[in-house]
Amino acid sequence: MNAPPPLPAHTAQGWSGFGPSGITGALWIFLACLATPLCAEPESLFQRGNEAYSIEDFPGAIDLYEQCLEAAASPAVHFNLANAYYKASDIGRAVLHFEKALTLDPGNQEAKANLAYVRKESDLTAPQYGPATRLGLRANFNFWCWNAVGGFWLGLAMVALPPLFGGGNLATRLVAILSLGAVLAAGIALYGYHIKSAEAVILDQDTALRVAPSEQSNEYGTLPAGELVRVAKTHQDYVFLNTASEKSGWVRIANLRRIWAWEIPGK
């Protein structure tokens with residue numbers, strides 16, 4: 001395979017990208033505030049992973065990056081891990097980790113370019129999103145959460161406090177309206193993230209799509225590694241899903257992973 005543009009993993013992202021995600025951010029901040037040598041271990045793993053990638057030891061780089069992710073989610077590590085998986089010809093996991101990188105850092109142009117390249121080379125359909133999800137993807141999950149909380153309390157203050165001091169003016173009313181708008185926008189964006197949270201990536205090439213959640217049920221098609229799907233429900237070791245190419249059916253949980261930090265029940 002040709003290397004995905006624009007840069008190889010060991011130069012495209014640095015340790016500065018290592019930071020909290022919407023799911024594990026609180027834990028990472030807590031550990032960082034301890035200011036202990038614990039923080040040096042993931043950085044060392046990250047750098048060793050970059051060194052392994054630079055000498056084309058892609059399985060070694062994958063192992064080190066995976067260990068790094070056990071400390072905290074990071075767009076930089078997901079990006080480098082995605083490139084390493086691509087170099088190792090594992091398209092499913094490459095797409096998964098490019099998507100994870102973009103969930104944490106929606107503005108990462110290198111991850112967008114590499115993901116588009118992998119999809120084009122692998123003949124995969126890019127997802128089409130509605131207005132709510134497109135708005136949500138303009139910033140990360142944390143931003144919209146803080147936007148909602150900040151807008152709510154600022155708007156409440158602009159409504160509740162002025163009467164206590166002789167009434168408000170045009171400025172306080174304008175701030176209250178803008179705060180309401182911020183809360184509304186955040187609500188729409190978070191709904192878009194809620195829609196996106198059902199997404200998963202097919203890991204294995206020619207994954208069987210079945211008519212029922214059973215190994216004995218008929219197989220009426222296959223899905224390629226790296227295809228993005230939406231999980232509708234689960235039943236024991238299977239999930240019912242819908243694809244961008246308008247296919248639907250049951251797939252074994254072991255054949256896919258969710259993009260978001262939590263996993264499919266039973267996995």
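No value in this document is a laboratory result; all are computed from the given coordinates. Source: prediction; values computed, not measured. Don't worry about glycine lacking a Cβ; one is built from the backbone with ideal geometry, like all the others, and counts go over all protein chains shown.
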Open item on the list: Can you pull out the chymotrypsin sites (Phe, Trp or Tyr not before Pro) in segment 193-267 whose DSSP state is coil and whose Cβ has at most 10 other Cβ atoms within 10 Å?
Closed with: Trp262
Open item on the list: I'd like the distance separating the alpha-carbon centroids of segment 106-149 and segment 234-261, in whole Å.
Closed with: 20 Å
Open item on the list: How much length would be gained if the chain were fully extended between Val211 and Asp57, taking 0.36 nm per residue of separation minus their Cα-Cα distance, in nm to one decimal?
Closed with: 51.4 nm
Open item on the list: Cross-link candidates for Lys196: which aspartates and glutamates have Cα within less than 19 Å, leaving aside residues fewer than 8 places away along the same chain?
Closed with: Glu99, Asp105, Glu227, Glu246, Glu263
Open item on the list: Sort 103-116, 70-83, 133-146 by the packing proxy (mean of other Cβ within 10 Å over each peptide's residues), most packed first.
Closed with: 70-83, 103-116, 133-146
Open item on the list: If I take R0 = 22 Å and measure r between the Cβ atoms of Tyr220 and His194 in this structure, what FRET efficiency does the formula 1/(1 + (r/R0)^6) give, to the nearest 0.05?
Closed with: 0.15
TODO: Check cross-link reach from Lys87 to the aspartates and glutamates: straight Cα distance under 15 Å, and skip same-chain residues fewer than eight apart.
DONE: Glu51, Glu56, Asp57, Asp63, Glu121
